[in-house]
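S.K.: First the structure, which I've put down as structure tokens, then a few questions once you've had a look.
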Amino acid sequence: MRMNLSRNHEIEWGALRVYEAADYNGMSRRAANIISAHVILHPACCLGLATGTTPIGIYEQLIRWYEKGDLDFAATRTVNLDEYRGLGPGHEQSYRYFMNSRFFDHININRENTHLPDGLAADPEAECRRYNAVIRSLGGIRLQLLGLGRNGHIGFNEPGGAFELETHLVALTQSTINANAPLFSSRDAVPRQAFTMGIKSIMQAKAVLVAVSGEDKADIVARAFSGPVTPELPSSILQMHPDVTLVGDRAALHKLKESGVTVCD
Ligand code: GLP
């Protein structure tokens with residue numbers, strides 16, 4: 001779809017590339033390939049990173065290529081999407097702990113170049129301002145990796161939130177608390193709030209890479225990428241980003257394909 005902004009400026013909507021892999025490993029490899037390309041071409045680039053179960057295989061693949069000597073993260077900078085409020089870096093379910101143990105501990109990245117919101121910050125508003133300033137100081141995000149929440153959230157931007165926000169504090173929905181509960185000792189142990197980059201910060205990334213896997217994402221993937229753009233489905237805004245790559249396995253993509261969206265060879 002094309003939209004004329006003025007006589008001289010035209011932006012293109014719907015610049016979506018979809019790559020299909022047979023399974024989770026294939027999806028992880030393809031997504032890792034795309035991240036690698038950015039790191040190789042722009043060693044000091046700022047990568048936007050994500051947590052969740054989906055990207056675990058992507059980080060494992062990147063670590064393997066690093067160990068083989070094919071990747072060098074010495075100059076790379078990272079900003080993560082989100083962090084639970086109330087969890088410190090030592091808490092096993094904090095996103096800082098996840099990133100360190102699943103990725104940063106295994107590559108030659110300078111830990112000072114890795115950024116997440118501080119879940120223990122005493123003043124949430126000041127923390128949001130600090131995090132926005134960090135993203136700006138890094139020159140913005142070159143490639144933002146995203147998973148998809150079961151209700152269509154990205155980062156922790158839950159349905160109904162405003163599209164124009166940068167980093168902010170959110171109240172998690174019951175469906176997100178339930179989805180994340182298996183990772184905690186009990187449902188009551190899941191934090192009720194989180195810091196998240198806003199949709200505005202995500203949309204300002206030069207390129208976006210969405211990774212999806214499994215049948216339980218098929219419905220939300222189809223709605224997000226072929227249905228109406230609405231704050232009720234936060235990831236649907238990605239249809240308006242000029243450079244989005246969606247990488248998924250067959251199980252996650254089949255409903256999107258049924259809706260008529262074509263897959264790259
Ligand atoms: C959490 C994270 C999201 C992630 C989502 C999906 O809510 N905040 O960034 O995309 O979970 O996780 P999974 O990949 O485990 O399905």
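The values are calculated or read from the model by the stated rules, or taken from the named source; none is laboratory data. The structure presented is a predicted model; accordingly, all values stated were derived computationally and were not measured. Reconstructed Cβ throughout: ideal geometry from the backbone, glycine too, with neighbour counts over all protein chains shown. Accessible surface is based on the protein model in full, side chains and every heavy atom, while ligands, DNA and RNA are left aside. Shrake-Rupley method; radii C 1.70, N 1.55, O 1.52, S 1.80 Å.
S.K.: Quick one: order I40, I34 from most to least accessible surface, probe 1.4 Å. Kindly include the intermediate steps, with their values, before the conclusion.
M.R.: Numbers: I40 105, I34 35 Å².
Putting I40, I34 in descending order of accessible area: I40, I34.
S.K.: If you rank S226, S137, S213 by how much accessible surface each has, with a 1.4 Å probe, what is the order from largest down? Show your work: numbers first, answer last.
M.R.: Values: S226 55, S137 90, S213 25 Å².
Accessible-area ranking of S226, S137, S213, largest first: S137, S226, S213.
S.K.: Next up: Using the beta-carbon distance between A37 and S137 and R0 = 22 Å, what value does 1/(1 + (r/R0)^6) give for FRET efficiency, to the nearest 0.05? Before the final figure, lay out each step's value.
M.R.: Working: r = 25 Å, r/R0 = 1.12.
Here the calculated transfer efficiency is 0.35.
S.K.: Give me the one-decimal nm value for the distance between modelled label points at D219 and D72, 7 Å along each residue's Cα-to-Cβ direction.
M.R.: 4.8 nm
S.K.: Could you tell me whether region 155-265 comes out rounded, prolate or oblate from its Cα gyration tensor? Rule is a ≥ b ≥ c as square roots of the eigenvalues, rounded for a/c under 1.5, then prolate if a/b exceeds b/c, otherwise oblate.
M.R.: It comes out oblate by the Cα gyration axes.
S.K.: Let a ≥ b ≥ c be the square roots of the eigenvalues of the Cα gyration tensor of region 215-265; is it rounded (a/c under 1.5), or, if not, prolate (a/b larger than b/c) or oblate? Write down the numbers at each step before the final one.
M.R.: Details: a/c = 1.84, a/b = 1.29, b/c = 1.42.
Verdict is oblate for region 215-265.
S.K.: Points 7 angstrom from Cα along the Cβ direction at L169 and H91: gap in nanometres?
M.R.: 1.4 nm
S.K.: Report the accessible area of C128, computed with a 1.4 Å probe over the heavy atoms of all protein chains in place, in Å² rounded to the nearest 10.
M.R.: Its heavy atoms expose roughly 10 Å² to the probe.
S.K.: Viscosity 0.692 mPa s, temperature 37 °C: Stokes-Einstein D of the chain from its Kirkwood Cα radius, in µm² per second?
M.R.: Details: Rh = 18.7 Å.
Calculated translational D: 176 µm²/s.
S.K.: Still on this structure, please answer the following. With all protein chains present and a 1.4 Å probe, how do D72, D249 order by accessible area, largest first? Intermediate values should be presented prior to the final figure.
M.R.: Working: D72 85, D249 10 Å².
So the residues, ranked largest to smallest area, are D72, D249.
S.K.: I've got another one for you. Note down the accessible area of K255, probe 1.4 Å, to the nearest 10 Å².
M.R.: That residue has around 70 Å² of solvent-accessible surface.
S.K.: Find me the longest stretch of the chain that has none of the exposed GluC sites (Glu not before Pro), where exposed means in a DSSP loop (not H, G, I, E or B) with at most 15 other Cβ atoms within 10 Å. Don't jump to the answer; show the numbers that get you there.
M.R.: Numbers: sites that count: E92, E164, E232.
Counting at most 15 other Cβ atoms within 10 Å as exposed, the longest clean stretch of the chain is 1-91.
S.K.: Return the whole-Å distance between the Cα centroid of region 165-202 and the Cα centroid of region 93-158.
M.R.: Using only Cα atoms to place each centre, the spacing works out to 13 Å.
S.K.: How much accessible surface does L49 have with a 1.4 Å probe, in Å² rounded to 10?
M.R.: Approximately 0 Å² for this residue.
S.K.: Gain in length, V229 to E112, computed as 0.36 nm per residue apart minus the alpha-carbon separation, to one decimal in nm? Before the final figure, lay out each step's value.
M.R.: Numbers: separation 117, 0.36 × 117 = 42.12 nm, distance 3.71 nm.
Value of the extension gain: 38.4 nm.
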